[in-house]
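Written out below as structure tokens is the structure these notes cover.
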Amino acid sequence: GKTWTMQGSHDRPGLIPRICASIFTHVKDKINTVEFSICASYVEIYNENVRDLLTQENHSPSIQEDPLHGIVLKNVVTSVVRSQVDVQDLFDRGQQQRMVGATDMNAQSSRSHAVFTLYVESVDVGDTEELTKKISKFHLIDLAGSERADRTGATGARLKEGAMINQSLSALGNV
């Protein structure tokens, strides 16, 4: 499924761990000429609400527009990552909080969209004025699948979740 393709497992990494590994390889290759700072956040969109997967606290992140950085999420945990192991630790921590549920089609169906974001900043070594500073943001997204109530056997809360999943996928399609 989509989650398997995006995340994989410890012994068979998916797209997100492979992309992160590629970034860390690039950083290692440039260690003598460029200084890097890499952070990550992990949120889910469940029933049209954003929830931080890296904290147990019950606060809602807010979406704001920053004139310098564009659209940003405020009040989310952003952790420094220095290796692929750090990334996997964040993934594991976030996965434990992700909304999943059983349907007739899948015993562990993702009930939310998950967004893992990497923030990468770089500056050439010795550039005290930061004229060579570059800032990148990578959103790596695991979308929940579209729902058909007749196929999933959804009723009650599962049916409402499915409707919200379909609504957000439709909005994404319009973008």
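So ASP104 fits all but one of (1) surrounded by fewer than 18 Cβ atoms within 10 Å (Cβ to Cβ); (2) at pLDDT 85 or above; (3) farther than 30 Å from ASN32 by Cα; what number is the exception?
(2)
Among VAL50, VAL76, VAL27, which is the only one that is in contact with a Ser or Thr (Cβ under 9 Å, 6 or more places away or on another chain) and assigned to a helix (DSSP H, G or I)?
The match here is VAL27.
Do we find a residue being under 15 Å from THR3 (Cα atoms), modelled with pLDDT of 75 or more, open to solvent by less than 60 Å² (accessible area, probe 1.4 Å) and outside any helix (DSSP H, G or I) anywhere in segment 118-139?
no
What's the number of the only condition in (1) at pLDDT 85 or above; (2) under 25 Å from LEU15 (Cα atoms); (3) not in a strand (DSSP E or B) that SER146 fails to meet?
(1)
Could you list, in sequence order, all residues of segment 24-45 that are in contact with a helix residue (DSSP H, G or I) (Cβ under 9 Å, 6 or more places away or on another chain), open to solvent by 30 Å² or more (accessible area, probe 1.4 Å) and within 11 Å of VAL81 (Cβ to Cβ)?
PHE24, PHE36
Kindly establish whether GLN56 is more than 16 Å from the chain's Cα centre (by Cα) and part of a loop (DSSP other than H, G, I, E, B).
yes
Criterion first (modelled with pLDDT of 65 or more and surrounded by 13 or more Cβ atoms within 10 Å (Cβ to Cβ)) does GLY162 satisfy it?
For GLY162, the condition - modelled with pLDDT of 65 or more and surrounded by 13 or more Cβ atoms within 10 Å (Cβ to Cβ) - is met.
Are there any pairs, at least 6 apart or on different chains, whose C-beta atoms fall under 8 Å, with the first in segment 81-108 and farther than 15 Å from GLY14 by Cβ and assigned to a loop (DSSP other than H, G, I, E, B) and the second hydroxyl-bearing (Ser, Thr, Tyr) and at pLDDT 75 or above, and if so, which?
Correct list of pairs: MET99/TYR46; MET99/SER112.
The values are calculated or read from the model by the stated rules, or taken from the named source; none is laboratory data. The shown structure was predicted, so the numbers you read here are calculated from the model rather than taken from an experiment. For neighbour counting, all protein chains shown are included, and Cβ atoms are generated from backbone atoms with ideal geometry for every residue, glycine included. Please note that ligands, DNA and RNA were not included when accessible areas were found on the heavy atoms of the full protein model with its side chains. Shrake-Rupley method; radii C 1.70, N 1.55, O 1.52, S 1.80 Å.
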